Structures are given as C-alpha cells and as structure tokens.
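Report on the structure given below.
Laboratory data are not the source of any read-out in this text; all were calculated from the coordinates shown. This one's a predicted model, so the numbers in the text were calculated from it and none came from an experiment. Counting neighbours? That spans all protein chains shown, and the Cβs are built from the backbone with ideal geometry, glycine included.
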Amino acid sequence: LQVRKTNALLYHHWGLVLQQQGKLDEALLKFKKTASLQPDHAEAHFNIGYILQSRGENDIAATKYRQAIGARKDYAEARYALAGVLCGQGDLAGAAAEYEACLALKPDFAEACSNLGTILKMQNRNDEAAVLYRRALSLKPDFAEGHYNLGTVLQAQGRPDDAAASYRQAL
C-alpha cells in the first residue's frame, strides 16, 4: 500500500511538471495514473478536472471536481472550480451553493466573493451583490474585476458618480 501511495505521489508531481511545461496531454495521463493508484488523491482529480475544463469538457470536469471534494471535504479551490463550471452551464443555484461552500471554507477568497456577487447581480439582488464586491475589495484592494463589478452594481442602482469612481479604480 505504501508503494502505491509513493508511486501515486511521484506520478502526481511528474504531472505537475508536465502541466507547467504546457504538456497537458502527458500531464493528464500522469494525473489519471495517480488517481488509479490512489483513488482518494484529491489533487489528482482536481488537476484532471482543470485540464478537461480548459478543453471544454465541462461535464467530466465537474465530475472530477466532485471527486476531489469527496476525497477532501475542505478543498475550497475544487468547490470554486466546480462553481465556475456550473455557472457556465447555467446552473446558477448550484454555482451559488458551491461559492458559498467555498467561502465557508476560505472566507478570504476574494474571487469567490466577486463571482457569488455576480450571480446575485444576475438575479437583480444588487444590494447583496454590492456587499460581496466590497468584501472582495476589502480582501484584495487592487482587484480590478471587483472594482468593475462594484461599478456595474452602483450604476444599476442609479449612482453614476460612485460607479465612475469604481471604474477608475478598476483602471
């Protein structure tokens, strides 16, 4: 059993190097080998999902992210990635739930705050969205996308001067 885990770790690190080199097909094979040797290797499932998502294979990517979460309940990044896939598939309720779970695990995840805010904005819940955008900006003051998103909400609320200030900050 220990040899399998050691080999899984080696394959995983090999996959990470290949991924950094842009050799995604080869990296994918190494991550799949990692998962076959150690089915509860959360990072291997996450990395498989990441590569598949980059190829537009979102259904399989979502499955891999769910496997990563199943293997490691506190995997905020996997929840964030799954939320992105779900949002892209039009499942806003599922995406919002995943962003909320992500933030419960990692409250300082500015991008998750901003993305959840965007879902709320799409539902015309502008006041709640503004709170999340401001939270994202308190965590990451130089977050251009957060400033832009806050500007769009302020504009929708009929506050053009405040919106312009946010847009300036984004730039």
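How high is the relative contact order of the stretch 103-171? Use alpha-carbon pairs under 8 Å, at least six apart in sequence, and give a whole percent.
Across the stretch 103-171, relative contact order equals 26 percent.
Pull out a ≥ b ≥ c, the square roots of the eigenvalues of the alpha-carbon gyration tensor of the stretch 83-160, then state rounded if a/c is under 1.5, prolate if not and a/b is larger than b/c, and oblate in the remaining case. Taking the square roots of the gyration eigenvalues as a ≥ b ≥ c, the stretch 83-160 is oblate.
By the compact-protein rule of thumb, 2.2 N^0.38 Å, the alpha-carbon radius of gyration of the stretch 1-123 corresponds to a ratio of 1.10. Seen against the Cα atoms of the chain and their longest principal axis, helix 144-156 is set at about 40 degrees.
Based on C-alpha pairs under 8 angstrom that are at least 6 apart in sequence, the chain has a relative contact order of 11 percent. Enumerate the lysines that K64 could reach by cross-link, defined here as Cα to Cα under 22 Å, with residues fewer than 8 away along the same chain left out. By straight Cα distance, K64 reaches K5, K23, K30, K32, K33, K73, K106. Using the alpha-carbon centroid of each, what span in Å lies between the stretch 3-76 and the stretch 100-144? Each part reduced to its Cα centre gives a spacing of 28 Å. Look at the alpha carbon pairs under 8 Å that are at least 6 residues apart: their mean separation over the length of the stretch 79-139 gives a relative contact order of 27 percent.
Each residue, D74 and L10, gets one label point 7 Å from its Cα in the Cβ direction; the gap between the two is 3.0 nm. Relative to the longest principal axis of the Cα atoms of the chain, helix 126-139 runs at roughly 60 degrees.
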